[in-house]
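First up is the structure itself, then whatever we jot down about it.
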Amino acid sequence: MSWALIPLTEEQREIQRTAREFGKAEITPHVDAWDRAEAYDVGIVGKLAELGFLGMLIPEEYDGLGLDTATYLVALEEISAADASVAVLMSVHNSLPTQMILRYGSDAQKERFLKPMARGELLGAFALSEPEAGSDAASLRTQAVRDGDHWVLNGTKAWVTSGSHAGVILAMARTDTPGDRKGARGIGTFIVTPDLPGFNVGKKEAKLGLRASPTVQLHFENLRVPAENLLGDPHMGFIYAMQSLDNGRLGIAAQAVGIARSALEHATRYAGERRQFARPIKEFQAIQFKLADMATRVTASRALLYAAAAAKDRGEPITQFSSMSKLLASETAVWVTTQAVQIFGGYGYVKEYPVERLFRDAKVTELYEGTSEIQRIVIARELYAQS
Ligand SMILES: Cc1cc2nc3c(=O)[nH]c(=O)nc-3n(C[C@H](O)[C@H](O)[C@H](O)COP(=O)(O)OP(=O)(O)OC[C@H]3O[C@@H](n4cnc5c(N)ncnc54)[C@H](O)[C@@H]3O)c2cc1C
């Protein structure tokens, strides 16, 4: 699909080519098997690392590639077009835990965690949600209590992408006390490693889509976290998480564009091959109109995404644009994959063709890192903040 609206630099084209070829060679041949097995081969993490794709936004002084947001999103769209499950590990790692340590971490934390994360030796995860705290994440209950030179954490984190094999998990826990609750300003972010006593991986979710990506609960039972693993201010962890989600939502928008683009490409090809009533179905105007609408929405989603990425790289506030990008791209992904299934007819409903998986994978983009309802709340709130 044409990128003509977004003028890529030579470096961006090169990274796009690399990511596309990597997807074709290392992901596409396995994607159905991973989907059925509900697990990708974890060796894919090392392969992404070799390309530098787990340190794209981290400055070179911390062993990353030091690229801008747009370049990172170009690569992420390609990986998403190959497999949304692999893309989500890349998106979470690059957009959330690494960015949080880069922005709020101490020099020692950058040395110990950020550098190996940039090299892809430690995979990052982000543990904000809990079974009873999803959209209302500030109501989370996991409690952290200071005990000498440690913090002791108790509670359950839910839905943790890559939580079963991550080497570093940024986990939010209450640092206020039961008798003096401070809401969103009573939460800290802790750098948790799976070797700490009291860290347990709980149930793995059986999902509609994104099945190859492990989504797990984490149980903290008197988890002893060294005090030096607290990120920044003990009461600002939730604010750090929200600020980081501005980046994360651009990543999810790129994932959604990748899924939608892939569905459009498959549907366009199939409509040229499938014959009914003695002609290819692409000759029916009903099919042409669907493809035209799909292409228009994918192009609009990508254009908004790159405008938001450019604003971020200029250092401008992007909360509203990041929510708009995620909202438009995720609803586009769900709509476009639905149309793709329709164009494939009955063959769109079976696992023999990729649009069945794309249709299932698309839905999650409307749910995680803030549902579409939450994105609309953010966008509307910013309208009033600006007026
Ligand atoms: C595959 C997957 C991976 C995930 N990965 C991670 C991860 O790595 N880390 C992490 O921390 N979390 C992760 N999540 C959790 C995800 O962010 C939450 O599922 C999401 O925030 C929604 O929370 P909830 O599921 O509890 O839904 P709820 O908050 O219970 O929402 C239920 C419904 O009510 C609506 N709703 C809620 N509040 C309002 C309101 N004020 N106004 C209007 N409507 C409202 C919602 O939009 C939704 O439609 C993941 C989720 C999934 C499915």
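Among residues of the stretch 18-47 that are of a type in the set (Phe, Trp, Tyr), those with a Cβ under 8 angstrom from a residue that is open to solvent by 70 Å² or more (accessible area, probe 1.4 Å), sequence gap 6+ or separate chain, pair up as Phe22/Lys47; Trp34/Asp41; Tyr40/His30.
Within the stretch 155-168, the set of residues being out of contact with any Phe, Trp or Tyr (no Cβ under 6 Å at 6 or more places or on another chain), open to solvent by 10 Å² or more (accessible area, probe 1.4 Å) and outside any loop (DSSP other than H, G, I, E, B) comprises Thr156, Trp159, Thr161.
Residues that are out of contact with any strand residue (DSSP E or B) (no Cβ under 7 Å at 6 or more places or on another chain) and in contact (Cβ under 8 Å) with a residue 40 or more places away in the chain were ranked within the stretch 105-117; the one that is farthest from the ligand (Cβ to nearest atom) is Ala108.
Restricting the stretch 170-191 to residues that are open to solvent by less than 10 Å² (accessible area, probe 1.4 Å) and either small (Gly, Ala, Ser) or more than 17 Å from Met236 (Cα to Cα) (or both), the residue that is nearest to the ligand (Cβ to nearest atom) is Ala171.
The condition of being among the basic types (Lys, Arg), surrounded by fewer than 24 Cβ atoms within 10 Å (Cβ to Cβ) and within 12 Å of the ligand (Cβ to nearest atom) holds for only one of Lys351, Lys363, that being Lys363. Check Arg269, Arg249 and return the single one that is surrounded by fewer than 17 Cβ atoms within 10 Å (Cβ to Cβ) and modelled with pLDDT of 95 or more. Residue meeting the stated conditions: Arg269.
In the set Gly163, Gly124, Gly155, Gly120, which member is in contact with a His (Cβ under 6 Å, 6 or more places away or on another chain) and either of a type outside the set (A, V, I, L, M, F, W, C) or more than 16 Å from the ligand (Cβ to nearest atom) (or both)? Testing whether each residue is in contact with a His (Cβ under 6 Å, 6 or more places away or on another chain) and either of a type outside the set (A, V, I, L, M, F, W, C) or more than 16 Å from the ligand (Cβ to nearest atom) (or both) leaves just Gly124.
Results for (1) more than 27 Å from Met100 (Cβ to Cβ); (2) surrounded by 15 or more Cβ atoms within 10 Å (Cβ to Cβ); (3) modelled with pLDDT under 95, shown as yes or no for each residue.
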residue: Met1; (1), (2), (3): yes, yes, yes
residue: Glu11; (1), (2), (3): no, no, no
residue: Ala25; (1), (2), (3): yes, no, no
residue: His30; (1), (2), (3): yes, yes, no
residue: Trp34; (1), (2), (3): yes, yes, no
residue: Tyr40; (1), (2), (3): no, yes, no
residue: Gly43; (1), (2), (3): no, no, no
residue: Glu50; (1), (2), (3): no, no, no
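The single condition from (1) open to solvent by 10 Å² or more (accessible area, probe 1.4 Å); (2) touching a residue at least 40 places away in the same chain (Cβ under 8 Å); (3) over 17 Å from the mean Cα position of the chain (by Cα); (4) within 16 Å of the ligand (Cβ to nearest atom) that Ala227 fails is (4). Looking only at residues in the stretch 131-152 that are of a type outside the set (A, V, I, L, M, F, W, C) and open to solvent by less than 50 Å² (accessible area, probe 1.4 Å), the one that is farthest from the ligand (Cβ to nearest atom) is His150.
Taking each residue of the stretch 155-168 that is within 19 Å of Leu140 (Cβ to Cβ) and looking for partners that are of a type in the set (Phe, Trp, Tyr) and modelled with pLDDT of 95 or more with beta-carbon atoms closer than 6 Å, six or more apart or interchain, yields Gly155/Phe220.
Of all residues in the stretch 199-212, those that are over 30 Å from Pro226 (Cβ atoms) have Cβ atoms under 6 Å from Cβ atoms of residues that are buried (at least 16 other Cβ atoms within 10 Å of the Cβ) and aromatic (Phe, Trp, Tyr), 6 or more apart or on another chain, in Ala212/Trp34; Ala212/Tyr40. For the stretch 366-387, taking the residues that are among the aliphatic types (A, V, I, L, M) and within 14 Å of the ligand (Cβ to nearest atom), the one that is farthest from the chain's Cα centre (by Cα) is identified as Ala380.
Condition test on Lys326, is it closer than 22 Å to Leu96 by Cβ, open to solvent by 60 Å² or more (accessible area, probe 1.4 Å) and either of a type in the set (Asp, Glu) or within 13 Å of the ligand (Cβ to nearest atom) (or both)? So Lys326 fails the test.
The values are calculated or read from the model by the stated rules, or taken from the named source; none is laboratory data. All values reported here derive from a predicted model rather than from experimental measurement. Don't worry about glycine lacking a Cβ; one is built from the backbone with ideal geometry, like all the others, and counts go over all protein chains shown. We work out accessible area using only protein heavy atoms, side chains counted, and drop any ligands, DNA or RNA first. Shrake-Rupley method; radii C 1.70, N 1.55, O 1.52, S 1.80 Å.
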